[in-house]
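Here is the structure we will look at, set down as structure tokens.
Bear in mind these aren't lab numbers, they're just calculated from the coordinates by the rules spelled out. Note that the structure is predicted; figures quoted are calculated from it, not measured. Glycine gets a Cβ as well: all are built from the backbone with ideal geometry, and neighbour counts include every protein chain shown.
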Amino acid sequence: MSGPSLRELARSLGLSHTTVSEALRDCPRVHPKTRERVVKAAEKAGYRYNPLAGALMSEMRRSRAGTFRGLLAILDVDDPADRTSPANRFHQELTAGATERATELGFKAETFAIAKQNLSLKRLDTILQSRSIRGIFLLPVTVDPDLSGLDWSHYAGIYSDYHIQHPALHTVCSNHYRSMLLVMEKLHRLGYRRPGLVINRPHDERLLYRWEASFLAYQTHRSVTDPVPPLVEEDATRESFGRWFRKTKPDVVLCHNTEVLEWMKAEGAEIPSTHGFCCLNTLSASVPCAGLDLRPRLIGARGIELLIAQIHRNEYGPPEVPNNTTLIAAWQPGPTLRGQAG
């Protein structure tokens, strides 16, 4: 904060420091003309309001505690009832990681479920501003949402997925490309030479084809002599999988859906003695298996760190150049690959 103090600014305007503070926070209790006069005077005097300091003093007055630094919103746009169980588990882990890290850094994070609570953006905007919430951590959304109805001049935002356009925000997510390279190298060291990828087309499109691109790039640059073409379908069935499996003869299958294990067995595969299976997101696995832990708790924690850093720098509104922070997944051994039972 530079220039005069809040009380000095209030004295120069002939107003109470509470009125000036509320005017700088766009509190609806302040008359618009008064708010305009306060803002112009603050700008002329070189005063810059620190929203964290305002929230801190407010909370200290309520609780007499000195550890609170501010409120954050975790925004869930979709209705959990419309998501699959694995997707809901992923959202829950993201939320847990974000909430825990916020608490460690002196913030309180509260979840707002737009669809479930039937919240309009206008109503949400009013709630966030009335509670001096300046940071929004946005959970993954099925389709690119339009959140331009919020007054983003008041908020810093982080989206926990690859990209968002309305508005374009900084993002944090798993590094699917590097994680696939990790898997392919791991399988090669375990002796597998014909890995086959089975992936849902809409899922692949949503991630801008990173799983598939990395899989194909590895085969090209590792000079695989007889590469297995991936099975990419909107909704693979046992029949379509069986035709692909018999034709391409993979010795290990990479997939999100652990139901494929039963399809492999129906084709004569014995797991893990003759064939292997690798789950691309072990959080979605219905049975124990080897694969990737995408570490959603860590993604949630890192997202909150990035969000709080923006608030500390007074960076509000959509960034001029959105950044994408990615975290590589962790390898998780399991009984569906040779030598990986533990």
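Could you work out the helix-only [θ] at 222 nm for the chain, with each DSSP H run of four or more residues adding -39,500 (n - 2.57) and the total divided by the number of residues, to the nearest 500 deg cm²/dmol?
The per-residue figure over the chain is -12500 deg cm²/dmol.
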Among bridges DSSP assigns within the chain, what percent are antiparallel (round to 5)?
10 percent
Between residue 11 and residue 208, how high is the FRET efficiency from 1/(1 + (r/R0)^6) when r is the Cβ-Cβ distance and R₀ = 45 Å? Nearest 0.05.
0.20
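Beta carbons within 10 angstrom, averaged per residue: use that to sort the peptides 285-295, 205-215, highest first.
Taking the mean over residues of other Cβ atoms within 10 Å, the ranking is 285-295, 205-215.
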Roughly what % antiparallel, to the nearest 5, for the DSSP beta bridges in segment 181-335?
20 percent
Separation of alpha-carbon centers, segment 301-317 and segment 202-254, rounded to whole Å:
38 Å
Cα long-axis angle, helix 238-248 against the chain (0 to 90 degrees, to the nearest 10):
60 degrees
Can you compute the label reach from residue 185? Point 7 Å from Cα along the Cβ direction, backbone N cut-off under 18 Å, restricted to segment 299-342.
326-333
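If I take all pairs of Cα atoms in segment 227-282, what percentage of them are more than 19 Å from each other?
Tail of the P(r) past 19 Å holds 17 percent of the pairs.
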Here the Kirkwood hydrodynamic radius of segment 176-294, Cα-based and in Å, equals 14.2 Å
Considering just Cα atoms, how many Å³ per residue does the convex hull of segment 65-108 enclose?
63 Å³
Just the number: Rg to Rh for segment 287-342, Cα atoms, Kirkwood Rh, two decimals.
1.24
Note on the chain: C-alpha Rg/Rh, Kirkwood Rh, two decimals, gives 1.11
Given labels modelled 7 Å from the Cα in the Cβ direction, how far is it in nm from residue 267 to residue 151?
5.8 nm
Mind ordering 78-86, 99-107 by average Cβ neighbours within 10 Å, highest first?
99-107, 78-86
Compute the long axis of helix 51-63 from its Cα atoms, compare it with the longest principal axis of the Cα atoms of the chain, and write down the angle in degrees, 0 to 90, nearest 10.
80 degrees
Placing each pseudo-label 7 Å from Cα in the direction of the beta carbon, residue 81 and residue 120 end up separated by a distance in nanometres of 2.2 nm
Calculate one ³J(HN,Hα) per residue across segment 321-338 by plugging θ = phi - 60° into the Karplus curve 6.51 cos²θ - 1.76 cosθ + 1.60, and present them in order as whole Hz with x for glycine and proline.
10, x, 9, 10, 9, 10, 10, 6, 6, 9, 6, 10, x, x, x, 9, 10, 4
Give me the lysines in straight-line cross-link reach of residue 249: C-alpha distance below 24 Å, same-chain residues under 8 apart excluded.
186, 265
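Could you rank the peptides 323-333, 172-182 by their average count of other C-beta atoms within 10 Å per residue, with the highest value first?
By packing density, highest mean first, the sequence is 172-182, 323-333.
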Contact order relative to length for the chain, counting C-alpha pairs under 8 Å separated by 6 or more residues, stands in percent at 19 percent
Just grab the label-to-label distance for residue 143 and residue 108, each label 7 Å out from Cα along the Cβ direction, in nm (one decimal).
3.6 nm
Which of the three applies to segment 125-183, rounded, prolate or oblate, going by the alpha-carbon gyration tensor with a ≥ b ≥ c and a/c under 1.5 meaning rounded?
prolate
For a quick check: with amide H placed at 1.01 Å from N, whose amide H comes under 5 Å from residue 276's, ignoring anything fewer than 5 positions away on the same chain?
252, 253
